[in-house]
Amino acid sequence: GFDIHPECGLPTPRTGKEALRTHTDGEGHNVVHQDVEIRPGQTYAASVWVKARDLHGTGFGATAGDSAGLALCELDGNGTILVRHAKVELTKATDYVKLETTFAAQPNTRILRFLLDTVIGCKYDQGSVTYDDCALTAR
């Protein structure tokens, strides 16, 4: 759909050839997640690189409540949420910034839900958020 609105430009990956861009028709909340098996008691670092755009002074960051970031949930083997970690986020437009958090998995944790969570008040032709280079590493 980027060819329909060339004024918005193509997503610009931080590295590689692809990245995830999210935007809305205004007042949107987008969540993308992936579940990953992890080891109970292990310490992990989770990170993502985030780029938030404000194209005309009314884009990302211009609306109160705008946020883009990484949220983590620890789940047991049945998919029940055990812990919701605080979202690591940015609230203003910026070039790529690395967001990272470290945690020790609970004794009953089997799955980590890695969420890219975006709240954006502007329309797609005013701003967007791009995510790239997600990582989860054992420490």
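Of all the residues in the stretch 51-80, those that are assigned to a strand (DSSP E or B), hydrophobic (A, V, I, L, M, F, W, C) and in contact with a Lys or Arg (Cβ under 8 Å, 6 or more places away or on another chain) number 6. When the stretch 46-63 is filtered for residues that are open to solvent by 30 Å² or more (accessible area, probe 1.4 Å), touching a residue at least 40 places away in the same chain (Cβ under 8 Å) and not charged (D, E, K, R), the ones remaining, listed by number, are Trp49, Leu55, His56, Thr58, Ala62, Thr63.
Within the span defined as the stretch 103-113, every residue fails to be modelled with pLDDT of 95 or more, part of a strand (DSSP E or B), out of contact with any Pro (no Cβ under 8 Å at 6 or more places or on another chain) and closer than 15 Å to Trp49 by Cα.
Let's see how each residue does on (1) out of contact with any Ser or Thr (no Cβ under 9 Å at 6 or more places or on another chain); (2) open to solvent by 70 Å² or more (accessible area, probe 1.4 Å):
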site	(1), (2)
Pro11	no, no
Glu18	yes, yes
Pro40	no, no
Tyr44	no, no
Leu75	no, no
Asn78	yes, yes
Ile81	yes, no
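Restricting the stretch 83-104 to residues that are without any contact (Cβ under 8 Å) to a residue 24 or more places away in the chain and of a type outside the set (A, V, I, L, M) leaves a set whose member that is most open to solvent (accessible area, probe 1.4 Å) is Arg84.
The values are calculated or read from the model by the stated rules, or taken from the named source; none is laboratory data. What you see is a predicted model, and the numbers here were worked out from it, not measured in a lab. Positions of Cβ are generated from backbone atoms using ideal geometry, with glycine treated the same way; all protein chains shown enter the neighbour counts. Quick note on the areas: whole protein, heavy atoms, side chains included, nothing else; ligands and nucleic acids left out. Shrake-Rupley method; radii C 1.70, N 1.55, O 1.52, S 1.80 Å.
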